[in-house]
Structure formats: structure tokens, C-alpha cells
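In what follows, a single structure is set out as C-alpha cells and then discussed.
The values are calculated or read from the model by the stated rules, or taken from the named source; none is laboratory data. As the structure is a prediction and not an experimental result, all values here were calculated from the model. In this analysis, Cβ positions are derived from the backbone assuming ideal geometry, glycine residues included, and neighbour counts consider all displayed protein chains. Heavy atoms of the whole protein, side chains included, go into the accessibility calculation; ligands, DNA and RNA do not. Shrake-Rupley method; radii C 1.70, N 1.55, O 1.52, S 1.80 Å.
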Amino acid sequence: MIQMPSHQMPSMADGMRIGIFNAVKALSIRAAALIFALLLTLAPALSPGGAIAAGPALDTRRISTPTAGEWPSHGRDYHEQRYSPLDRIHTGNVGQLGLAWSFDIDSARGIEATPLIIDGVMYVTGPWSVVYALDARTGQRLWRYDPQVPRDWGRMACCDVVNRGVAVYEGKVFVGTLDARLVALDAVTGELLWETRTADAERYAYTITGAPRAARGLVFIGNGGAEFGVRGYVGAYDAATGQLRWRFYTVPGNPAEGFEDDTQAEAAKTWNGEWWKYGGGGTVWDSIVYDPELDRLYIGVGNGSPWNAQLRSPGGGDNLFLSSIVALDPMTGRYLWHYQEVPGEMWDYTASQHIMLAEMNIAGRTHKVLWHAPKNGFFFIIDRENGKLLSAEPYSKVTWAKGYDLATGRPILNPDADWARSGKKVTVYPSSAGAHNWQPMAYSPRTGLVYIPEQQFPGIYQSKPLHGRFGSFNLGTDLAAKGVDNPQLMAAIVRKTLKGRLLAWDPIEQQAAWRVPRTTAGSSGLLATGGDLVFQATVDAELVAVHAADGKTLWRFPTQEAGVAPPISYELDGEQYVAVAVGRGGALGLTAPLTDAPLPATGRVLAFKLGGRHTLPPAVVEVSYGDPPSPGTRDKAMLARGEALYRDHCLRCHSAGGAANRRVPDLRRLERPRYDLFDRIVREGLIQPAGMPGFGDTLSKDDTQAIKDYLLDQAERDRAFRSQPAWLRSIKQTFYEAVATIIAWLM
Ligand code: CA
């Protein structure tokens, strides 16, 4: 049940609401909604201030200065520092932290959402953009809204069917759906108020996975799709009606059709060739931050599409506004300034990662700055008044650039990393997954440290001919094409090369304070608290609390399922909670078969409090379906054809060799009937409701047969390895580990 928080001074209208809420406490949400509707019709007579909001009275002011116990917007407040001042849970008692409640999300795909907490209600999203409102005290479901995303749209998503959460504003809950709609729901009832299609070019693969942001009566949302040839933009929509108020394009369109504004004409001077035919990319797929002090909007712009800069813009050019932070007027979308982190971007180095607002004293002067640790491996300090680069230092292993020239703001490039123009196969740090990706950072004003979910592994980039609408990840890396034809060795190499760390970064010194290693890359975003704790969920299925000052691990809890979404903290009735949504997925999580341990049946939201005694039901032990059939051919050329088709169409979700993360099926260990129906499943979308799209438009019957034979060949190898005596497997495994260590060292 939604209640008014004790900290708010109730107005006359609020007093009415509290009274009514008390009266209907025992009734259902629907009954409350009816009374609300009634109240709304009476509102002009009752409230001298105008209409009464049907839901939490959350506005720009309240998001700017939330009370300690709430988490009203994506990064908690507009500064997005993800610092909760709550200190009831602290370094001295975190050992007593236990599970308060859990909620099963009715899907087992990736979860990347930040839960919001407003007036005792948790708003969180699951896979396929489904929204849940939960009682934040008990985890009980208040409502659920399913936007019914067509499951075929999963093909358009580069990195799983994830969603990073909602915005709540003026009584409404806003969610961007995977099929690029912006939806407004009644915060009390979950009923649809309006929806707007944010992408008008249907042939393009626009998707939304990011959380909308709201301020000054507007809702801001971008989209993804730069892996598949879209033209990026961000839009502002009227929070009340859903009407488009402005749109800012991040790359210019076809000059022959006329530019939308002068900014586009200027940006076009930094492009060559016929970039508009490829879309250009530059999607604003994650970070959008409103600056309440300067009344500005900052957007993080993504990578070029295609990745290959030589194809996209032959002859070079900076290709504005790829890999840039752009400042806009929030009310009009008018361009104010930009800072481009990677001119002529070609490594999928998006600048769409978490933008954090802060103030710093530099040489005796206070600067309003933004902190940014994008994929490219440098920690940027940018003056948010004018977009000037103040500092950029590497926070992870970097080989594409030697540093930044502060006079020009430009990177000092390593010419060997230019795979697009050299045509060579090159190994570059960071990889396209980035030294830090969408997983949000956190900052503690008590330690002065920025906490970064860092990862380190190399990317292999090689120019390939253009085929399809960019084929497998549009001409850049081919993660599976490492020339290793042995799944066990491949797995060992992946384990040795993927490094993950919780990095504490000192932004004043521009250097690392400490690092805590994780078993692999891709763990969750971070939360810092007033109790001097930093929380992180890990891909090997734990929620961990470390000391904010030195990184010492103080508490860990087995979550059964991998966590990539960031934890949050909130307080209700004098009780502090820490909550996180777990569910393996996303670009890395979808494809990494990290563990053979039993998994829960679904993703979950978990909430913790001191002395919490709730327990999770046992995880589910998977059934074995017995041996699959033998491949229809052993002809090397045929199997190679199957592998190539697999890479272009299946690998993104089902991982190298079919050995997926177990949230999408391991294609080497399917039920027999699925092999019998393989062609119909793949081409006709026979199990589309389960999330498997149909590929009838691009694959022939011969193609699906080739893919199936390749997978059955993989299954046979997997079986052969597993049926060897344990001592032989052990010797081989030791050998693979040694080879992998050498390969990882050479990289
Ligand atoms: Ca990308």
C-alpha cells in the first residue's frame, strides 16, 4: 500500500490523500484507484493549488533533493552519484545483514534494472521491458505491466532483451520498451496512460534498453541499435501527454534532404562519403543526465555504425557526435557544447556510460564537473559549464591511445590500433565490451573515491567485407574467430583473459586507490552508502559488501543467480534495506557459461536488512535430455558453412559453439523434439513466445540444416570430452589452462 512519507509536510490536498489512504488500507489497489479517480474529479473543488496528482508527488525539486530514505530516480538524484547517506547498516554490523524478502521476476533473461523507491513502493523492470510495482517492505506485488514487446524484436537487440529501469515523475511511471516505445503508466494502478512510438523508421533496428529520465515536465529517452545501422538521436516528450517536444540527432542525415538544424550542418563537415546510407550510429542508449544547477541535459553518445570508420566515412573525419558527451538545452534540445572522447571512433568505444555530476576544487577554484569512465579506458574530468577537458587518465589497461593532449582535448592515438585503415587484424585494449560498460559507478563523499566496475580483456578487430545488414557485429571483432577449434581450450582462454575488478578511483589524484579482483568480467554496478560500505553483485552469484575505504570484503551472500544490475539502498519505518535485482544476461552475461551450479527458476529482486531471516527456495537442478542425434554430415566444408551462419545469426545470444549461459538454451543439449523441429523453430518462429525469434526472412532450409549439423558436431565433441576418464580430462584441462595462460599473457 502506498503511504505518504513522514518527512513531507502535508498540504491540505495531501491531508485529504492521507485520510483516504488510511480509509482504504485494507482494500485492493484497484479500489484505491477508483477512489483516486473520484478524488481527481473533485480535485478542482478540493485543492486550491490545482489538480491532485494520482500517485507520488515526485517533481524536479524532489528528485534534486531526495530524503535520505528514498531512491526516486535512476542514479538516486540528478547528480547520479549512487550514494545513499543511510548509515544504519555500517562496517561494524554488516555481518548481520540477511535477506528480508525476495520477489520472483517471471522471466529468466538478463536483468539490468535499478529499482526506484518512492513512498514505500519499489518500481523495477525485468526482461522484455515488463514493469513491476512492489511493496518495498514485503516484496509483495502491487501491479505488473507487460508492454507486450513482440518477441521477434529480440533479434534487434545487440545485448539481450534487458531494461535498465523506469523514471517516476508527477504520478506516472515511464518505461522505454525494447521495441522503442515510451510508455506512461499510472504509478498507483499500473494502468496505461499513454504510449508514444519513439522510432519512426521501422526498417531500422531501434531498441530501448536504457532508463528514461524526467525533469521540467519532460521525459528524455534515446535508443540503441548502432550495431545494426541506425541513426542515433535523443527525444524529449511531454510527461503529461507523451507528445514529442524536440529531437536531437547525434549524427547528421543525408545532406540532400536538408539538415534539421545548423548543428547538423556543422557536424556533417566531419563526415565523408555516404555515411547516411549506413545510419552512422551514435545512439544514446544509456546515460542521459539532467543538471539542475545549470539547467542542462548531458547525453552520452555511442559508437559508429558500422564500426569500420573507413567504410562509414572513407578518408577519415572526426564523425561528430560519435563517442561524445553533448550538452543540450533541456527545454528545446538546442546544442550547447560537446566533448568528443574518441574522434573517428572505430572500436565500439561508446561514450554512453554513466555520467556523474560533481564539484571539484582545481587550483583553488571550484569547478562544476562531470566524471566519466567510458569504455575507452580513460577517466575524464570535464567542466560542465563549457565542455572543456580538465583531465583524462587511464583507469585500466589501454593500448589504443597513449594519453590525451589537454591543450586540444584530443587523444594521442596509437597508429597500430587502426584496424580499419590498415586492414590488419589487431588486438586492442580495452575490448568493445569496454574497460567499464553500462554498469553504473558510485561515489562516496566520505572517502572521496569513485567506485568503478572495471573489466579488462583484449578485443580483436579485423576488417571484413560488408554482408547482410552488417552481418556479425558489423565488420569489427569476431569474438569467436580466434582460430581456436577446441571448446575446452576456448573456455580456458576466455577464463584467463576476462578480468573484472571493483576499482576505487581517486578523482583528485587521478589514480587508483585500490582494486578488488572478481573472478571474471561483467559484475554489477555499484552502490556506496553512509555506512562506509560499497555493495556489488557478482557474475558468480554473490552480493558482496566491501569497506569503502580499503576494499576489504566484510560480507557476502549467495544469490544463486548472477547479478549485473546495480544495488540500491532505502529506509522505511526506521529500517534500512539494500536491494538488488539478479538475473544473468546482457552482452557478456548472455554468452558466458560461468557456472554449472543449479540456478533459480527465474530472475529475482532481493532485499536485505539487519537480522533478515528470509531464505531462498533451493535452486533448480536441470534435467538432462540424453544424447542428441548425430550430425547429418561430417564434411568439414559443410560444418564450416554452418559455423559461419551460426556466427552471423545465433552467436550473439547462444554464445560460441552453442554453449550459452543456460538462460538461453545450450544448443548442444536440447530435448530431442527440438532437434526434430529445428528448421521450423529457427525459420518459422515455432517457439517465438519463449523468446526465440524466427529467421525465415534470412535463412533457407539448407542454412538451418547446416547450422544444425554444426551444433550436433559441437554436441558430439562435448560428449566425447565428457565421456573420457576423469584422469585424462584432468591432464587435458591442466594442459589447456597452461596454454591459455600463455595466450592470455601474449595478449
Ligand atoms: Ca555498440
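Determine whether the range 394-405 contains at least one residue that is in a loop (DSSP other than H, G, I, E, B), over 27 Å from R518 (Cβ atoms) and either outside the structural domain of T283 (by TED's automatic domain parsing) or of a type outside the set (G, A, S) (or both). No, there is no match, as no residue in the range 394-405 is in a loop (DSSP other than H, G, I, E, B), over 27 Å from R518 (Cβ atoms) and either outside the structural domain of T283 (by TED's automatic domain parsing) or of a type outside the set (G, A, S) (or both).
Which one is nearest to the ligand (Cβ to nearest atom) among residues in the range 215-250 that are of a type in the set (F, W, Y) and modelled with pLDDT of 95 or more? The extreme case among them is Y233.
Conditions tested, residue by residue: (1) among the polar types (S, T, N, Q); (2) open to solvent by 40 Å² or more (accessible area, probe 1.4 Å); (3) closer than 20 Å to Q688 by Cα.
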position	(1), (2), (3)
G612	no, no, no
T615	yes, yes, no
V621	no, yes, no
D648	no, yes, yes
C653	no, no, yes
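Residues of the range 333-355 include at least one that is open to solvent by 40 Å² or more (accessible area, probe 1.4 Å) and assigned to a loop (DSSP other than H, G, I, E, B). Residue count for the range 546-568, restricted to those that are among the small types (G, A, S) and touching a Gly at 6+ places or on another chain (Cβ under 9 Å): 4. The residues of the range 416-434 that are out of contact with any strand residue (DSSP E or B) (no Cβ under 6 Å at 6 or more places or on another chain), open to solvent by less than 30 Å² (accessible area, probe 1.4 Å) and more than 16 Å from the ligand (Cβ to nearest atom) amount to a single one, Y429. Of E359, E385, E345, all but one fail to be more than 20 Å from the chain's Cα centre (by Cα) and within 16 Å of the ligand (Cβ to nearest atom); the exception is E345. How about the range 391-413: which of its residues are open to solvent by 30 Å² or more (accessible area, probe 1.4 Å) and over 20 Å from Q455 (Cβ atoms)? The answer is K402, D405, L406, A407, T408, R410, I412, L413.
Residue-wise test of (1) in a strand (DSSP E or B); (2) within 16 Å of the ligand (Cβ to nearest atom).
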| residue | (1), (2) |
| --- | --- |
| R144 | yes, no |
| W153 | no, no |
| C159 | no, yes |
| F174 | yes, no |
| V188 | no, no |
| T196 | yes, no |
| A205 | no, yes |
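Are there any pairs, at least 6 apart or on different chains, whose C-beta atoms fall under 6 Å, with the first in the range 251-262 and modelled with pLDDT of 95 or more and the second surrounded by fewer than 16 Cβ atoms within 10 Å (Cβ to Cβ), and if so, which? Listed pairs, sorted by first residue: F259/A265.
Against the definition (under 19 Å from the mean Cα position of the chain (by Cα), open to solvent by less than 10 Å² (accessible area, probe 1.4 Å) and either without any contact (Cβ under 8 Å) to a residue 12 or more places away in the chain or at negative phi (or both)), how does A184 come out, yes or no? It would help to see each step written out before you state the result.
Details: under 19 Å from the mean Cα position of the chain (by Cα): no; open to solvent by less than 10 Å² (accessible area, probe 1.4 Å): yes; either without any contact (Cβ under 8 Å) to a residue 12 or more places away in the chain or at negative phi (or both): yes.
Here the answer is no, as A184 does not meet what is asked.
In the range 87-144, the residue that is most open to solvent (accessible area, probe 1.4 Å) out of those that are of a type in the set (S, T, N, Q) and within 23 Å of R181 (Cβ to Cβ) is S107. Of the numbered criteria (1) over 28 Å from the mean Cα position of the chain (by Cα); (2) part of a helix (DSSP H, G or I); (3) among the aliphatic types (A, V, I, L, M), the one L645 fails is (1). Against the criterion of being over 30 Å from G586 (Cβ atoms) and small (G, A, S), A256 qualifies. Tell me which residues, restricted to the range 262-309, are within 16 Å of the ligand (Cβ to nearest atom), touching a helix residue (DSSP H, G or I) at 6+ places or on another chain (Cβ under 6 Å) and either part of a loop (DSSP other than H, G, I, E, B) or within 18 Å of R334 (Cα to Cα) (or both). Those that are within 16 Å of the ligand (Cβ to nearest atom), touching a helix residue (DSSP H, G or I) at 6+ places or on another chain (Cβ under 6 Å) and either part of a loop (DSSP other than H, G, I, E, B) or within 18 Å of R334 (Cα to Cα) (or both): P306, N308. The conditions of being of a type in the set (V, I, T), open to solvent by 10 Å² or more (accessible area, probe 1.4 Å) and over 20 Å from the mean Cα position of the chain (by Cα) are met by T633. With respect to W337, is the statement that it is of a type in the set (F, W, Y) and either touching a His at 6+ places or on another chain (Cβ under 7 Å) or within 16 Å of the ligand (Cβ to nearest atom) (or both) true? No; evaluated as a whole, the condition is false for this residue.
Among the residues here, A660 does not qualify as closer than 30 Å to P558 by Cα, at pLDDT 90 or above and aliphatic (A, V, I, L, M). Apart from one condition, A726 fits all of (1) modelled with pLDDT under 95; (2) within 23 Å of A640 (Cα to Cα); the exception is (2). In the range 415-465, of all residues being in a strand (DSSP E or B) and aliphatic (A, V, I, L, M), the one that is nearest to G500 (Cα to Cα) corresponds to I452.
Can you say whether G364 is of a type in the set (G, A, S), at pLDDT below 95 and away from the ligand (no atom under 16 Å from the Cβ), as far as the supplied structure shows? Criteria met by G364. Selection of the range 201-226 for residues being of a type in the set (D, E, K, R) and either open to solvent by less than 10 Å² (accessible area, probe 1.4 Å) or within 27 Å of M346 (Cα to Cα) (or both) yields E202, R203.
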